[in-house]
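In what follows, a single structure is set out as structure tokens and then discussed.
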Amino acid sequence: MHLMCTAIPSFPCLLCFMVISFSILCIFSYFLFVSNLSLTETNEILGFVAVLHYFLSPIFVAHGFIPVLLSNLLFLVAASYYHYLNFLGYDVLPFLERTTFFLYPIGMVIVLSPILTLSGFNPSRYFMNLYFSQRL
């Protein structure tokens, strides 16, 4: 039997998820820092997006076109920024050539985002269901 999560998950569940996510982001940011990226800038942006998503999750998981559009826009910005940071990290390594290859996924995200928005796919609702649903 599969139980679906409610529109707004419980506070302890979200708090635990945010602590684990922030820990993973810190570890990820350390490896970005090793690649000559700014640790402070990475944590500021990714932490801001996580907090923004937490407080706006009731809006993002609602039914309708505007929540779908806002959720897809947030994920478009987050995915683009992630790939841009990877590009900046690998671009400074002198032994790598053609590092612009790391920017190609941004084009795919830009092309897929309107398609997913018009089809009604809500990534916030999908990931909230993935993270907080319980299987018995």
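The values are calculated or read from the model by the stated rules, or taken from the named source; none is laboratory data. These numbers were taken from a predicted model, which means no experiment stands behind them. Positions of Cβ are backbone-derived with ideal geometry, glycine not excepted, and every protein chain shown enters the neighbour counts. Accessible surface areas use protein heavy atoms only, side chains included; no ligands, DNA or RNA. Shrake-Rupley method; radii C 1.70, N 1.55, O 1.52, S 1.80 Å.
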Whole-number D in µm²/s for the range 82-122 (Stokes-Einstein; Kirkwood sum over Cα pairs; 10 °C, 1.306 mPa s): 137 µm²/s
Distance in nm between pseudo-label sites at ASN129 and ALA62 (7 Å out along the Cβ direction from Cα): 2.0 nm
Whole-percent carbon and sulfur share, accessible surface of the range 64-136, 1.4 Å: 72 percent
Whole-Hz couplings from phi, Karplus 6.51/-1.76/1.60, listed for the range 111-125; x for Gly and Pro: 6, 6, 4, x, 5, 5, 5, 5, 7, x, 6, 10, x, 5, 5
Accessible solvent surface per residue of the range 64-134, calculated while the other protein chains remain in place, 1.4 angstrom probe, Å²: 64 Å²
